[in-house]
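Laboratory data are not the source of any read-out in this text; all were calculated from the coordinates shown. Bear in mind the structure is a predicted one, so any value in this text is a computation, not a measurement. Cβ coordinates were reconstructed from backbone atoms using ideal geometry, including for glycine residues, and neighbour counts include every protein chain displayed.
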Amino acid sequence: MSRLVDRKVVIGNWKMNGSQGFNHGLVKELIRLESTIENSAEIVICPPLCYLSQCQELLLFSKKIRLGAQTCSEFEEGAFTGEVSINMLKDFNCHYVLVGHSERRSIMGETNEIIAKKCKASLNKGMQTVLCVGESQEEYDQGKTHSVIKSQIVSVINELNDAQLSRLIIAYEPVWAIGTGKTATPEIAQSVHHFIRQVISEKCVSTSEKIMILYGGSVKPDNAVLLFQQPDIDGGLIGGASLNANDFISICRAI
Ligand code: PGA
């Protein structure tokens, strides 16, 4: 199947890293290097929520880089101590939000049900919403990759109408590849991305051809080129390597 993909995106997920001093240096360096990216991919950084304001100000000097958040609340406003709403993220000019990252699933206990609510809340506010899915090492070893991915995706898309679904972005991040230096081979990643498109096509064929599917899990400058060459990989979700300006920009150049 040949696809007319007009959008690509590379997202840096800083996780719980950074400080005002570190962020200042990193973002300034990203801005200095961004002119070396010749493609038209969207570039996004997701700092910890408390640094959104700082990064928003620093990014006023960027022509390419946009702001995203690592999580959001499913609720609009009110008595939800510690939570941050989609409207608050938009207030800081956030364009993207990650939902259901494996660390939020396994450490913070986010269920498919909560993740579906967050995706819906975020899509309803017009946010670029990145649903993260992926199987654990044990599930991979037991050959359960497809069934795990399918149930993570179906539990969200069953709650969405076609318009909401058409705006969703998916990131496939095998848990065994996150922060381990053990990336999926381009062939494995491609075959799972292709499978994800099939799952989406059971709900909406036209969206399945267009939906952006990002790969994440130990993407580095030296493996990005081959991963991004795969026909069903439309971009990357980058953890560790996004904390180094040279590495992140090289990955952005590879898309
Ligand atoms: P990694 O993290 O690139 O450090 O493996 C990716 C992610 O968790 O989004």
Quiz prompt | Length added when fully stretched, K150-Q137, from 0.36 nm per residue minus Cα-Cα | solution = 3.0 nm
Self-check item: Distance between the range 1-69 and the range 196-255 - C-alpha centres, whole angstrom
Solution: 15 Å
Quiz item: Which residue, G235, G82, G21, tops the fluctuation ranking in a GNM of the chain built on C-alpha contacts under 10 Å?
Solution: G82
Quiz item: In nm, to one decimal, how far is the modelled label at K64 from the one at V205, with both set 7 Å along Cα→Cβ?
Solution: 3.8 nm
Quiz item: Which ³J(HN,Hα) values in Hz, rounded to whole numbers, follow from the phi angles of the range 169-175 under the Karplus curve 6.51 cos²θ - 1.76 cosθ + 1.60, where θ = phi - 60° and Gly and Pro get x?
Solution: 10, 10, 10, 8, 10, x, 4
Quiz item: Ranked by Cβ crowding within 10 angstrom, fewest neighbours first, how are K182, K118 ordered?
Solution: K182, K118
Practice problem: May I ask you to derive the relative contact order of the range 121-230, considering only C-alpha pairs under 8 Å and at least 6 residues apart, and to give it as an integer percent? | Solution: 31 percent
Quiz item: By count of other Cβ within 10 Å, fewest leading, how are S106, S250 ordered?
Solution: S106, S250
